[in-house]
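Peer 1: This is the structure, below, for whatever I ask next.
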Amino acid sequence: MATSSSSLTASHSLFFPRAPKPHPNRIPLYRLTCGPHCTTISSSLLSRRSLFLPTAASAIWDVLTGGPGGSAREAALAVRRGMNLFREGDVSGSMIEFDRAIEFDPRQKAFEEGAAQFRLDVAANPNDTEESIWCYLCESQIFGVEDARKRFLEVGRDPRPVMREAYLMFKNGGDPKMLVSNFSSGREDEFFYASLYAGLYYESLNDTDSAKFHIIEACNSLYGSSSGDYMASLAKVHCLCRNWSLS
């Protein structure tokens, strides 16, 4: 299940302590999802304008490979290196490579807030439910759950049943356990995504135990453990940052 590799940098400050004026830089998604639990990123890196972490490879690869000249090629290589480092759990190293991609190709501008990125991405990909969900995950911590739902990005009909249901759950409120149950006996990728987004929903509610259970389930699923999907790597790094054992 491919997502668009332009954006996993939402200010998923779900774990960030509340602050009067949160200012989520474009730090990678796993940093945003882990907040203070992620100990692998230095404060100096966090103070930099940091990059985008891909969610789905289409948007970013289209931009990076579509431009002429060596800079675009260098940017593409930097993104590739960053993705590989991310898969290996090297948070700091991946941030450096993504920042290099921005430097090589000015079109890869760093967004001041994760939510702004997802709103722009939805404008370009109006049927991408995941961009909408990640925008909500950012804004729920900036504005609170109720106000974030009022700002929820409307998108078109996603062809993936699991993402349609996940979208409605985040948009209207719902039962994550039901989401997982509805896809527990179907395709492996659907079970993985249902479990991952159930866990992230619980993270937005600060229900750590439930979040841990479902995201570990996603990681240990057949799809999560063997597909090579970038989102499977994201789920594993999330657990790593949270110090959750997969065994």
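Peer 1: Say we look at the range 138-159 and pick out the residues that are in contact with a Phe, Trp or Tyr (Cβ under 8 Å, 6 or more places away or on another chain) and either among the aliphatic types (A, V, I, L, M) or at pLDDT 85 or above (or both); which of these is nearest to Glu188 (Cα to Cα)?
Peer 2: Asp158
Peer 1: Show the residue pairs that are 6+ apart or on different chains and have beta-carbon atoms under 8 Å apart, the first residue being within the range 199-213 and within 12 Å of Lys177 (Cβ to Cβ) and in contact (Cβ under 8 Å) with a residue 12 or more places away in the chain, the second being among the polar types (S, T, N, Q) and in a helix (DSSP H, G or I).
Peer 2: Gly199/Ser210; Tyr202/Thr208; Tyr202/Ser210
Peer 1: I'd like the residue in the range 215-235 that is closer than 15 Å to Asn84 by Cβ and of a type in the set (A, V, I, L, M, F, W, C) and, out of all such residues, is surrounded by the most Cβ atoms within 10 Å (Cβ to Cβ). If you could, list the steps in order and put the result at the bottom.
Peer 2: Filtering the range 215-235 down to residues closer than 15 Å to Asn84 by Cβ leaves 228-230, 232-234.
If we keep only those that are of a type in the set (A, V, I, L, M, F, W, C) as well, we get 232, 234.
Numbers: Ala232: 23, Leu234: 25.
Result: Leu234.
Peer 1: Scanning for something modelled with pLDDT of 95 or more and buried (at least 24 other Cβ atoms within 10 Å of the Cβ), does the range 237-244 turn up at least one residue?
Peer 2: No, the range 237-244 contains no residue that is modelled with pLDDT of 95 or more and buried (at least 24 other Cβ atoms within 10 Å of the Cβ).
Peer 1: Residues of the range 134-176 being among the basic types (Lys, Arg) and surrounded by 13 or more Cβ atoms within 10 Å (Cβ to Cβ), which ones? Spell out the reasoning first.
Peer 2: To start, the set of residues in the range 134-176 that are among the basic types (Lys, Arg) comprises 149-151, 157, 160, 164, 171.
Correct list: Arg149, Arg151, Arg160, Arg164, Lys171.
The values are calculated or read from the model by the stated rules, or taken from the named source; none is laboratory data. Remember, predicted model here, so these are calculated numbers, not experimental data. Neighbour counts are summed over all protein chains in view; Cβ atoms, including those assigned to glycine, are modelled from backbone coordinates with ideal geometry.
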